[in-house]
Amino acid sequence: MNKKIISIIFLLIIVISLTLVYTYYNNFVSEESHYDSPIKTIDENNVSEEIDELFIEEDNEIEIGEMF
Amino acid sequence: MKKISTILIMLMILISISSLAIADEAEEDPEEEDEYEETSEGENETDDIDNNTTKEIEIMNNSLGCEIRFLQLEKAIIKNLLKGEMAVDVLKGLDYNTTDLEAILSEMKNLLEDVKAVNTSSNNSIWLFVKYKHEAINLTKQFRESIKELLNGEKLKQIRERIKEMMSEELENCSKMIRNKIKQFNRNQLHKLYGIIGEANNTFVEEYLNGNMSLAQLKIQISKTINQMNKERKYQIFSEIKEENIKKKIHAQSQVEDMNKNKGKGKDNDNGNGNGKGKGK
């Protein structure tokens with residue numbers, strides 16, 4: 001009887017450990033895919049950003065560094 | 001039997017510990033990735049063609065864009081020359097030896113003449129822009145390091161304050177030319193954009209060109225016009241603008257890659273003056 005209980009407890013430990021590891025890895029993958037997801041809806045900011053890239057600001061300058 | 005059960009228990013414990021160790025390794029992985037990213041960024045910083053330059057090249061796919069970039073480079077060099085000359089005058093008055101500084105300024109003057117002489121319609125104008133910008137950055141750095149050897153931080157600060165707002169007729173003319181060219185460039189972009197949208201608002205264009213409307217206001221108006229359209233039309237216009245921007249980026253990136261390839265070949269083949277290295281396309 002004792003042996004059976006011990007076996008069940010250790011099987012439980014293994015199952016829990018495996019579940020924890022699996023969950024951890026799964027979270028990792030879903031976070032990465034979240035960053036890679038493409039834009040599916042266009043909001044006002046997306047349009048503004050693309051329009052910004054078409055023009056040059058009049059005060060735009062080339063930086064070559066300061067003399068001192 | 002007792003022995004077998006003990007071995008089994010030990011085995012279970014080992015398996016449990018190993019699974020924890022795996023989880024621990026997974027936690028360490030993101031750090032390793034960060035380290036890799038940091039190294040890559042560090043490497044990029046040492047690259048000759050940095051991200052800013054690549055961004056600047058984007059508009060150089062036409063003559064007007066090239067003219068703007070060369071004028072901007074000219075302005076940056078004139079500004080630094082003026083500051084350098086002023087600093088040398090101050091140092092001479094304080095009886096410092098300024099031979100090295102004057103030699104750097106002389107090289108910078110030659111560079112300015114080279115920049116002014118560039119034919120912006122030529123095939124190798126992008127390559128020349130990158131080359132001259134790089135030279136300008138190097139000469140500026142040389143001057144900065146040489147002057148640091150002569151003066152301490154406090155004195156440098158004093159000189160910096162004295163010549164903070166440097167202006168000259170040449171610099172003023174250059175700024176005016178840049179502003180006009182940028183307006184022309186933006187007007188062309190506006191016409192292109194209205195071509196995509198399918199309806200032109202000439203009042204906005206006129207107001208912008210006359211100086212009655214700023215570029216920021218104009219961009220807000222255009223965004224409003226696009227955002228008021230139905231979803232499909234909005235998506236279509238957005239895609240076309242994005243395509244245009246991506247094309248510019250790809251063009252600039254391919255120019256940079258060509259230059260890097262030629263640079264590799266140049267090390268083996270030429271004597272370093274760079275003549276004949278065109279855009280490659």
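Throughout, read-outs are computed from the coordinates displayed, never taken from laboratory work. All of these numbers come straight from a predicted model, not from anything done at the bench. A quick note on method: Cβ atoms are made from the backbone with ideal geometry, for glycine too, and the neighbour counts reach across all protein chains shown.
Cα-Cα over 29 Å: which of B:K141/B:K192; B:K141/B:K263; B:K131/B:K247? Beyond 29 Å between Cα atoms: B:K141/B:K192.
What length, rounded to one decimal in nm, is gained on full extension from B:T99 through to B:K131, with 0.36 nm per residue of separation minus their alpha-carbon distance? Please report the intermediate quantities before stating the final value.
Working: separation 32, 0.36 × 32 = 11.52 nm, distance 2.58 nm.
Length difference between fully extended and current span is 8.9 nm.
In the structure shown, the pairs B:K133/B:K249; B:K55/B:K148; B:K92/B:K164 are assessed against 23 Å; a Cα-Cα span above that value is assigned to B:K55/B:K148. Shielding by partners for peptide B:219-227, expressed as the average number of C-beta atoms from other protein chains within 10 Å of each residue's C-beta, is 4.
Remark: relative contact order (region B:157-267) = 18 percent; criterion is Cα-Cα distance under 8 angstrom and separation of 6 or more residues. Label-to-label distance, A:E66 versus B:Q228, with points set 7 angstrom from Cα along the beta-carbon direction: 4.6 nm. Averaged over the residues of peptide A:41-51, the number of Cβ atoms from other protein chains lying within 10 Å of each residue's Cβ is 6.
Between B:E107 and B:S168, the contour length at 0.36 nm per residue exceeds the Cα-Cα span by 19.9 nm.
FRET efficiency for the B:L64 to B:K92 pair, using the beta carbon distance and R₀ = 45 Å, is estimated at 0.60.
Using a 10 Å cut-off on Cβ to Cβ distances, tally the other chain neighbours for every residue of B:95-103 and report the average as a whole number.
Working: counts 0, 0, 0, 0, 0, 0, 2, 0, 0.
Partner-chain Cβ atoms within 10 Å, mean over residues of B:95-103: 0.
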